[in-house]
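In what follows, a single structure is set out as structure tokens and then discussed.
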Amino acid sequence: MKLKKFGKTGSIVSELCLGTMTFGWQADEDTSHKILSHFSENGGNFIDTANVYSSGKSEEIIGKWLAERDRESFFVATKARFKTAEHANGVGLSRKHLHSAVRESLARLRTNYVDLLQLHAWDPLTPLEETFSTLNTMVEDGLIRYVGISNFRGWQFEKALQLCRQRGWHEPVSLQPHYNIIVRATEFELLPMAQAENIAVMPWSPLAGGILTGKYKNSFSKAPKGTRVGDSSSPEYYKRYENERTRKILDQVEKISAETGKTMAQVALNWVMSNPAVTAPIVGARSVEQLTDNLGATGWSLEKKHIEAINEASNLEVTYPYDRRSEEQQRAGRDLS
Ligand SMILES: NC(=O)c1ccc[n+]([C@@H]2O[C@H](COP(=O)([O-])OP(=O)(O)OC[C@H]3O[C@@H](n4cnc5c(N)ncnc54)[C@H](OP(=O)(O)O)[C@@H]3O)[C@@H](O)[C@H]2O)c1
């Protein structure tokens, strides 16, 4: 695996990040440790978790594994925001909840700092000043190295960034958005914002929860039990993808897979990696076999014609104000000499 600069920071991460949402859920502790070891043996140093994954078990499993390794050689990212307790303050981005969430994450991860603390989502209740002054203090106190953001809209991220600049606080340096061949609206606002601000981008669900591996063919709403999609407690979440556009996408990815000799998962991941705004997709796996397949997305690049064919199959209607982009690009590229 190649190493990359983490956005505008001086830190270095692997070109794939290991997602650990399956740990303590679809992958037991032993399998999770094997996944971590396989990832690390193949050059991976970048691990993503969250305090709420498997109610904290994911962090515990990572912590146990990390305790027997050189902590400094890994870049560990976690998240805070969602509900950790039933009382009124057990959720959100308040100073009170952030402090208790981080204290608990550090204990489960068996470390005295995390490299990246990500806000898991926007909190309409807490003033941004309260959230970002708290995060600034956490960086200063050495509890976290960097601040990241997940699932914000473009204007929310930019507002946070400008606030930090005005106050001289540590700025958010990364974005974790939903992004894959099926979910492309991320390209309208979030990815251009990230590129303009030199923000590291780590897309989640790059395989659309497994749909892009092609294993459900064209009827993933009938996915078998024992799979992420088949076991989903909210089948509507995946059912919305069962349409003509997804069928076109799967046909195209399958065709390119046959032409290149790469698996559909590798093609789908390589397409995400081919976007210059992307730093490292977060790959999820329930087994070492799946991870091995996904690691095969590195070390090669899709040809331009393949990227264009996938873009065409997955094209989304571009509506106002994003339909102004081509005129803006033309103007930006104008020869004024
Ligand atoms: N910030 C957020 O809100 C947010 C949300 C979701 C995820 N995340 C992060 O992003 C990571 C990745 O998300 P994700 O797990 O949804 O990613 P994904 O790659 O879209 O889906 C992973 C799932 O697809 C299946 N799969 C993966 N590789 C496969 C392969 N090679 N062949 C066949 N099936 C394969 C597995 O499920 P089955 O075997 O059950 O089919 C696996 O659990 C998470 O671990 C987490 O760290 C963040």
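The values are calculated or read from the model by the stated rules, or taken from the named source; none is laboratory data. This is a predicted model, so every value here is computed, not measured. Cβ atoms come from the backbone with ideal geometry, glycine included; neighbour counts cover every protein chain shown.
Among the listed residues L119, L135, identify the single one that is within 16 Å of the ligand (Cβ to nearest atom), over 17 Å from S58 (Cα atoms) and aliphatic (A, V, I, L, M).
Details: L135 fails: within 16 Å of the ligand (Cβ to nearest atom).
The conditions single out L119.
Only one of (1) surrounded by fewer than 20 Cβ atoms within 10 Å (Cβ to Cβ); (2) closer than 17 Å to A121 by Cα; (3) within 11 Å of the ligand (Cβ to nearest atom) is not met by G230, so which one is it?
Of everything listed in (1) surrounded by fewer than 20 Cβ atoms within 10 Å (Cβ to Cβ); (2) closer than 17 Å to A121 by Cα; (3) within 11 Å of the ligand (Cβ to nearest atom), G230 misses just condition (2).
Are any residues in the range 37-54 under 15 Å from A27 (Cβ atoms) and polar (S, T, N, Q), and if so, which ones?
If we filter the range 37-54 for residues that are under 15 Å from A27 (Cβ atoms), which is where we start, we get 37-39, 47-49, 53-54.
Of everything in the range 37-54, those that are under 15 Å from A27 (Cβ atoms) and polar (S, T, N, Q) turn out to be S37, T49, S54.
Listed residues Q162, Q166, Q176; which is over 26 Å from S326 (Cα atoms), within 10 Å of the ligand (Cβ to nearest atom) and modelled with pLDDT of 95 or more? Working first, answer last.
Numbers: Q162 fails: within 10 Å of the ligand (Cβ to nearest atom); Q166 fails: within 10 Å of the ligand (Cβ to nearest atom).
That would be Q176, the only listed residue that is over 26 Å from S326 (Cα atoms), within 10 Å of the ligand (Cβ to nearest atom) and modelled with pLDDT of 95 or more.
Among the residues of the range 90-129, what is the count of those that are in contact with a Ser or Thr (Cβ under 8 Å, 6 or more places away or on another chain) and part of a loop (DSSP other than H, G, I, E, B)?
Of the residues in that region, 10 qualify.
Applying the selection to the range 130-162, what residues are among the β-branched types (V, I, T) and in a strand (DSSP E or B)? Lay out the reasoning, then the answer.
First, the residues of the range 130-162 that are among the β-branched types (V, I, T): 131, 134, 137, 139, 144, 147, 149.
I144, V147, I149 - these are the residues of the range 130-162 that are among the β-branched types (V, I, T) and in a strand (DSSP E or B).
Restricting attention to the range 263-276, which residues are crowded, with 21+ Cβ neighbours inside 10 Å and either within 7 Å of the ligand (Cβ to nearest atom) or more than 26 Å from L191 (Cα to Cα) (or both)?
Across the range 263-276, the qualifying residue is only A265.
Need pairs with beta-carbon distance below 9 Å; first residue more than 20 Å from M1 (Cβ to Cβ) and in contact (Cβ under 8 Å) with a residue 24 or more places away in the chain and within the range 251-279, second in a helix (DSSP H, G or I) and not hydrophobic (A, V, I, L, M, F, W, C); sequence gap 6+ or separate chains.
Listed pairs, sorted by first residue: Q252/H306; Q252/E312; I256/H306; S257/Q266; E259/H306; M264/T213; M264/E254; M264/S257.
Quick one: in the range 15-66, of everything that is farther than 22 Å from G210 by Cα and within 16 Å of the chain's Cα centre (by Cα), which residue is nearest to the ligand (Cβ to nearest atom)?
Filtering the range 15-66 for residues that are farther than 22 Å from G210 by Cα and within 16 Å of the chain's Cα centre (by Cα), the one nearest to the ligand (Cβ to nearest atom) comes out as N51.
Rundown of residues vs (1) over 19 Å from T186 (Cβ atoms); (2) at pLDDT 95 or above; (3) crowded, with 21+ Cβ neighbours inside 10 Å; (4) within 14 Å of the ligand (Cβ to nearest atom), yes/no style:
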| residue | (1), (2), (3), (4) |
| --- | --- |
| R245 | no, yes, no, no |
| A285 | yes, yes, yes, yes |
| T298 | yes, yes, no, yes |
| A313 | no, yes, no, no |
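Answer yes or no: is there a residue in the range 191-210 that is closer than 21 Å to L316 by Cα and surrounded by fewer than 18 Cβ atoms within 10 Å (Cβ to Cβ).
Scanning the range 191-210, I find at least one residue that is closer than 21 Å to L316 by Cα and surrounded by fewer than 18 Cβ atoms within 10 Å (Cβ to Cβ), so the answer is yes.
Of these, T279, T292, which one is surrounded by fewer than 21 Cβ atoms within 10 Å (Cβ to Cβ), within 16 Å of the ligand (Cβ to nearest atom) and within 30 Å of S32 (Cα to Cα)?
Residue meeting the stated conditions: T292.
Taking helices (runs of 4 or more DSSP H) that fall entirely within the range 235-331, which contain at least 2 residues that are among the β-branched types (V, I, T)?
Values: elements: 235-239, 244-260, 264-273, 288-295, 304-313.
Filter on the range 235-331 gives 244-260, 264-273, 288-295, 304-313.
Scan the range 150-192 for residues that are farther than 30 Å from N243 by Cβ and within 16 Å of the chain's Cα centre (by Cα) and report the count. Step through it out loud before you land on a result.
Going residue by residue through the range 150-192, those that are farther than 30 Å from N243 by Cβ are 158-174.
Now narrow it down to the ones that are within 16 Å of the chain's Cα centre (by Cα): 172-174.
Qualifying residue count, the range 150-192: 3.
Which residue pairs have Cβ atoms closer than 7 Å, lie 6 or more positions apart in sequence or on different chains, and pair a first residue in the range 194-211 that is within 15 Å of the ligand (Cβ to nearest atom) with a second residue that is charged (D, E, K, R)?
So the pair list comes out as M202/D48; G209/R228; G210/R228.
Considering only residues that are more than 18 Å from A80 (Cα to Cα), part of a strand (DSSP E or B) and among the small types (G, A, S), which ones fall in the range 1-51?
Answer for the range 1-51, where residues must be more than 18 Å from A80 (Cα to Cα), part of a strand (DSSP E or B) and among the small types (G, A, S): S14, A27.
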